[in-house]
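The values are calculated or read from the model by the stated rules, or taken from the named source; none is laboratory data. These numbers come from a predicted model, not from an experiment. Glycine also receives a Cβ, built like all others from the backbone with ideal geometry; neighbour counts cover every protein chain displayed. Calculation scope for accessible area: heavy atoms of the full protein, side chains included, ligands and nucleic acids excluded. Shrake-Rupley method; radii C 1.70, N 1.55, O 1.52, S 1.80 Å.
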Amino acid sequence: MSEEGTIDVGTVTRVWSVGWQWPWVVTLAVMLGGNFLFAADRTVLGIGVLVAGLGIAVAGVRAVNRHSGDAFDDGTRSVRRAVAGELGLDDTSTIHSLAVGSDSVVGFDCPKSYDLAVVTLGESALTVHHDGSMDLLNRSWTVGDQTERIPYKDVRSVTEEDGTLRMELVDGGTKSLPAGSRPDDLLAALGRRLDGTDSAS
C-alpha cells in the first residue's frame, strides 16, 4: 500500500517556498517596483516593493541553503521508516535509498525533487521499492506499492558505474537502478550478503 507524508524543513514554510522560487520573486519585485517608480511615479512605494521583494528572496535563498540538507535527510528517513513498517521490520538499518534529483534551481546544490528506489536487504532476498519520491518544494514524500523481490541466489554480481547500480543475474539478465551518488554502504552490505558473510537479523 502506498504511503505519503510531510518533510520537516526546519524553517517557516512560506520563506522556504519563496527560496525555491526566488527567480520568480525577484522578477515580480522588479516588475512591480519598476512600475510604481517609472509608470505610476510613486517613488517611495516602488522602492519599498523592490527592497521588500529582494529581501524576502534573500531570506528564502538563505533558508534553503541552510536547511535543504536536513530536509533531504528527514525525507529519506521517513521513506525508510515507511518501508520498514510495510515489511514489518523493527528498524531501518538494512534499508537503503537511491535518490536521483531533478528540477534544479540556480544557486542551489540540492535539487527540489527526487525519485527514490528503496532497497531492503532481507535474510534471503533483497526487496526493491521502485516508486518512491520526495518533493522538497512542497515538503512531501511518497512510497508507492511497486515492489520487486530478488533472491540473493539469483544475483551473480553487483556493481555501480556512471550513476547506475547494476545487478548481473545468474540467468544472464540484468537489473539496473539509477543512483545519484555512489551507494557505498549498500554496495558493501549487499556484497556481504552475496558472499554469505553477513545476514539480516
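Is there any pair with a first residue in segment 1-24 that is without any contact (Cβ under 8 Å) to a residue 12 or more places away in the chain and more than 23 Å from residue 143 (Cβ to Cβ) and a second that is surrounded by fewer than 17 Cβ atoms within 10 Å (Cβ to Cβ) and of a type in the set (A, V, I, L, M) whose Cβ atoms are under 6 Å apart and which are 6 or more apart or on different chains, and what are they?
Matching pairs, first to second residue: none at all.
Which residue out of 193, 156, 166 is basic (Lys, Arg) and outside any strand (DSSP E or B)?
193
So which residues in segment 18-74 are at pLDDT 85 or above, polar (S, T, N, Q) and either over 28 Å from residue 98 (Cα atoms) or in contact with a helix residue (DSSP H, G or I) (Cβ under 7 Å, 6 or more places away or on another chain) (or both)?
Once the filter is applied, which keeps residues that are at pLDDT 85 or above, polar (S, T, N, Q) and either over 28 Å from residue 98 (Cα atoms) or in contact with a helix residue (DSSP H, G or I) (Cβ under 7 Å, 6 or more places away or on another chain) (or both), segment 18-74 yields only 27.
Would you check which residues across segment 50-63 are small (Gly, Ala, Ser) and touching a residue at least 12 places away in the same chain (Cβ under 8 Å) and list them?
Once the filter is applied, which keeps residues that are small (Gly, Ala, Ser) and touching a residue at least 12 places away in the same chain (Cβ under 8 Å), segment 50-63 yields 52, 53, 57, 59, 60, 63.
With respect to residue 139, determine if the residue is modelled with pLDDT of 95 or more, open to solvent by 60 Å² or more (accessible area, probe 1.4 Å) and under 27 Å from the mean Cα position of the chain (by Cα).
The answer is yes for residue 139.
I need every pair where a residue in segment 38-49 that is under 17 Å from residue 28 (Cβ atoms) has its Cβ under 8 Å from the Cβ of a residue that is open to solvent by 90 Å² or more (accessible area, probe 1.4 Å) and outside any loop (DSSP other than H, G, I, E, B), sequence separation at least 6 or different chains.
46/38
So for segment 148-168 (the condition being farther than 30 Å from residue 26 by Cβ, within 15 Å of the chain's Cα centre (by Cα) and surrounded by fewer than 20 Cβ atoms within 10 Å (Cβ to Cβ)), does at least one residue qualify?
no
Out of the residues in segment 111-136 meeting the condition of being under 26 Å from residue 169 (Cα atoms) and polar (S, T, N, Q), tell me which one is least open to solvent (accessible area, probe 1.4 Å).
Top of the filtered list is 120.
Do any helices (runs of 4 or more DSSP H) entirely within segment 1-104 hold 2 or more residues that are surrounded by 20 or more Cβ atoms within 10 Å (Cβ to Cβ) and either polar (S, T, N, Q) or out of contact with any Gly (no Cβ under 6 Å at 6 or more places or on another chain) (or both), and if so, which?
In segment 1-104, 13-20, 43-87 are the helices (runs of 4 or more DSSP H) which contain 2 or more residues that are surrounded by 20 or more Cβ atoms within 10 Å (Cβ to Cβ) and either polar (S, T, N, Q) or out of contact with any Gly (no Cβ under 6 Å at 6 or more places or on another chain) (or both).
What number of residues within segment 37-73 satisfy the criterion of being closer than 16 Å to residue 111 by Cβ and of a type in the set (D, E, K, R)?
2
Quick check, is residue 126 assigned to a loop (DSSP other than H, G, I, E, B) and of a type in the set (A, V, I, L, M)?
It is false that residue 126 is assigned to a loop (DSSP other than H, G, I, E, B) and of a type in the set (A, V, I, L, M).
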